[in-house]
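What follows is a single structure, written as structure tokens, with notes after it.
The values are calculated or read from the model by the stated rules, or taken from the named source; none is laboratory data. Note that the structure is a prediction, hence the values are computed from the model and not measured. Positions of Cβ are backbone-derived with ideal geometry, glycine not excepted, and every protein chain shown enters the neighbour counts. The area values use the complete protein model at the heavy-atom level, side chains included, leaving out ligands, DNA and RNA. Shrake-Rupley method; radii C 1.70, N 1.55, O 1.52, S 1.80 Å.
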Amino acid sequence: MSNYFMSDEPRPAPFNADDLKPEHAKALGEFLEQVSKTLSEKHPADSFEGRAARTLREAVGVHLDTLHECFDDEEPETLKARKQAWNRLVWLVWPWEGTPGYDARQWRVVLHTDADDAVEGARRLLASREAAAQKRRAELEAR
């Protein structure tokens, strides 16, 4: 057993949806295909594990198809769909974090579609923190 500690959820990516390319999807899909193949080879198709392998293979296929449709252009709606499709796959692969072949640097949850979206997200976060600080100051002053 590995002494690797799995996080509570997939880590946020240091990149945006517009940085993702088809080869990233291919690598993630190949890893999940290998996982389901390993299960299938070790267990009969009608066993609990065999059925889980088939379920994983089908889910991955559906999500990969959706993701591949999101590489046609860099329009805002396409990038949003790419981010969502990628993140669904990351959640599927995440339970294998820490196992051989798992790409912990790449298979992370994408938070933003592009750099502009990331900057806007940072602005919103700062504004909400400033509002919370002002509220705390006002409460302290009212005492």
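Tabulated results
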item	result
Residue ID - farthest from Ala81 (Cα to Cα), chosen from residues in the stretch 32-58 that are open to solvent by less than 30 Å² (accessible area, probe 1.4 Å) and of a type outside the set (Val, Ile, Thr)	Ser47
Failed item, numbered, when Gly98 is tested on (1) at pLDDT below 95; (2) under 25 Å from Pro14 (Cα atoms); (3) part of a helix (DSSP H, G or I)	(3)
Condition met for Leu89 (loosely packed, with under 12 Cβ neighbours inside 10 Å, within 22 Å of the chain's Cα centre (by Cα), in a helix (DSSP H, G or I) and not acidic (Asp, Glu))	no
The stretch 108-143, residues that are hydroxyl-bearing (Ser, Thr, Tyr) and surrounded by 13 or more Cβ atoms within 10 Å (Cβ to Cβ)	Thr113
Positions within the stretch 4-59 being assigned to a loop (DSSP other than H, G, I, E, B) and more than 30 Å from Asp116 (Cβ to Cβ), in sequence order	Tyr4, Phe5, Met6, His43, Pro44, Ala45, Asp46, Ser47
Residue match in the stretch 113-136 (condition: within 19 Å of Gly29 (Cβ to Cβ) and in contact with a Lys or Arg (Cβ under 8 Å, 6 or more places away or on another chain))	no
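This table checks each residue for (1) out of contact with any Lys or Arg (no Cβ under 9 Å at 6 or more places or on another chain); (2) modelled with pLDDT under 95; (3) of a type in the set (Ser, Thr, Tyr).
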| residue | (1), (2), (3) |
| --- | --- |
| Pro10 | no, yes, no |
| Phe15 | no, no, no |
| Pro22 | yes, no, no |
| Ala27 | yes, no, no |
| Phe31 | yes, no, no |
| Pro44 | yes, yes, no |
| Leu56 | yes, yes, no |
| Lys80 | yes, no, no |
